[in-house]
Amino acid sequence: MRPFALLFLIGCSLLPAAAVAQQAEKADPLMLTKIRDEGMDRSRVMETAFYLTDVCGPRLAGSAGLQRANEWTKTQLAGWGLTNAAVEPWGTFGRGWDIEKSYVAMTAPYYHALLGAPKAWTPSTSGPLKKSVVVVKAATEADLDKYKGQLRDKIVLTEVANPPKTTFEPDARRYTAEELKKLTETPAAPTTAPDTDRMAARRAQLALRAKMADFYLSEGAAAVLSTRGGSDGTFFTSNGAPYAADAKPVLPEMEMAPEDQLRLIRLAEAGIPVEIELETRTLFQTQDLKGYNVVAEIPGTDRKLKHEVVMLGAHLDSWHAATGATDNAAGCAVMMEAVRILKAAGVQPRRTIRIALWGEEEQGLHGSKNYVKNHFADPATMQVLPDHAKLAAYFNLDNGAGKIRGIYAQGNAAVAPIFTDWLKPLADLGATTVTLRNTGGTDHLSFDAVGLPGFQFIQDPLDYGTRTHHTNMDTYERLPADDLKQASVVVATFVYHAAMRDQKLPRKPQPPAGKPQ
């Protein structure tokens, strides 16, 4: 039987129980009004976002910026009256990394400043460089042979795989009613096997990049300029070397705006001498190799239920070419605002409410995975810890700065009617949709992998996928205040419901040991 169809049928078999649970849903209308009033009329979400972005700065894993954000959020949460606020280590991560100086320009055939940033975990240049360039085009390792002896003391220009194209589509958009309706429909089962060819091609591409990096270093090149794409002054950023403490050396490398990279390539290929002036100064943080999460609580008040926990969270780390506004200061600001709203509204939750701001998500969900492993269960063995039975729900936000339009039930059919009921008083804010579909790529998966009810909200895409996600344009200006206020109210309402209901949220069947996330 198709995996989704099996999951759907299992879910349907639970619907009678879910219907009973739905009938039992109850809430204090006055408290819901207080939550909305506090979140809409006295919001502090943009103030929080300002501190996370402009004040703390970029928050790459292990960086000084992430350390600043960890300490600031812990202090802020404690100042709002949350208890047990802490920067909690989850285990060993690796080296942190910071940029102290970054400059690149073309100085011949004329002077022009260029847009770029060092790739994460790459070393400094040996002071200011002024070098000529060599364009390297290689589809296979064998193609590198023709560049032997040509790269010494040169700056390598790599190919532009995705040149910018004129488009008449807007950068930003919201979900239409039709698109939201389609999300609620059961998706067709895949008619083909997983795209193993595509995955194999990706592995081959990564292997070739590693070979190229080794080749440039062995040939004595001075630095590398590359690009992952973008347009209109936007460029994507990533890491240029591993963060492991024992990672092997690489060359200094900068990621460039593709328009600048293409101009350099065109000039060089036309036989016009090109000279680049370049200096990067980067700092490896090796004094503390641990990774951290920030946690804080609103204690439960019900004698029978206060040992149970409702969690909400978002990842605090970001990439380094901007200040990580939509990815994911927005999610952190909303989750922090949600607990501030609950405190300000005077909620006395029956269950304990715990916020977690995750570290090192961008490198593989490390913060949330290890928190789950340390507190709830190890997905490799599925041997659960005592707190596994105490988690009522986990709610996550990490798809940009758009308003919340609903929630992914993550294949949990029994919880869908409960969420539908919770969304009814929020319909006028645009949050209406519950879908059984799964969504991936972020921290709720760490909970789902061990059978815990973890959920990600549906958000309007805005310009997350086109302009801000992992780019140099991910700044405070991309945060619409009204969207973040709305999202804060929706999250606070869901957390309130989960903390006050008589039972924990229904769970899916326990997954087998070793299930991939």
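List of remarks:
- Of all residues in the range 477-517, those satisfying the criterion of being exposed (fewer than 14 other Cβ atoms within 10 Å of the Cβ) and under 25 Å from Leu462 (Cα atoms) are Glu477, Ala481, Asp482.
- Any hit, the range 385-397, residues being out of contact with any strand residue (DSSP E or B) (no Cβ under 9 Å at 6 or more places or on another chain) and in the same structural domain as Asn70 (by TED's automatic domain parsing): yes
- Scope the range 275-310; condition more than 24 Å from the chain's Cα centre (by Cα) and assigned to a strand (DSSP E or B); matching residues: Glu275, Ile276, Glu277, Leu278, Glu279, Thr280, Arg281, Ile298
- Filter result (closer than 15 Å to Glu47 by Cα and among the acidic types (Asp, Glu)) within the range 314-355: Glu337
- From the options Arg174, Arg152, residue that is touching a Lys or Arg at 6+ places or on another chain (Cβ under 9 Å) and either of a type in the set (A, V, I, L, M) or farther than 21 Å from Leu206 by Cβ (or both): Arg174
- In the range 336-353, the residues that are over 20 Å from Gly57 (Cβ atoms) and either among the polar types (S, T, N, Q) or crowded, with 24+ Cβ neighbours inside 10 Å (or both): Glu337, Ala338, Val339, Arg340, Ile341, Leu342, Gln348, Arg351, Thr352, Ile353
- Restricting attention to the range 243-299, the residues that are more than 29 Å from Gln67 (Cα to Cα) and not aliphatic (A, V, I, L, M) total 11.
- Number of residues in the range 246-274 that are of a type outside the set (A, V, I, L, M, F, W, C) and part of a helix (DSSP H, G or I): the value is 7.
- Residue in the range 311-320 that is in a strand (DSSP E or B), crowded, with 24+ Cβ neighbours inside 10 Å and of a type in the set (Gly, Ala, Ser) present: yes
- For the condition free of Cβ contacts under 8 Å to residues at least 60 places away in the same chain and assigned to a loop (DSSP other than H, G, I, E, B), Gln348 qualifies.
The values are calculated or read from the model by the stated rules, or taken from the named source; none is laboratory data. Every value quoted in this text rests on a predicted model; they were computed, and no experiment measured them. In this analysis, Cβ positions are derived from the backbone assuming ideal geometry, glycine residues included, and neighbour counts consider all displayed protein chains.
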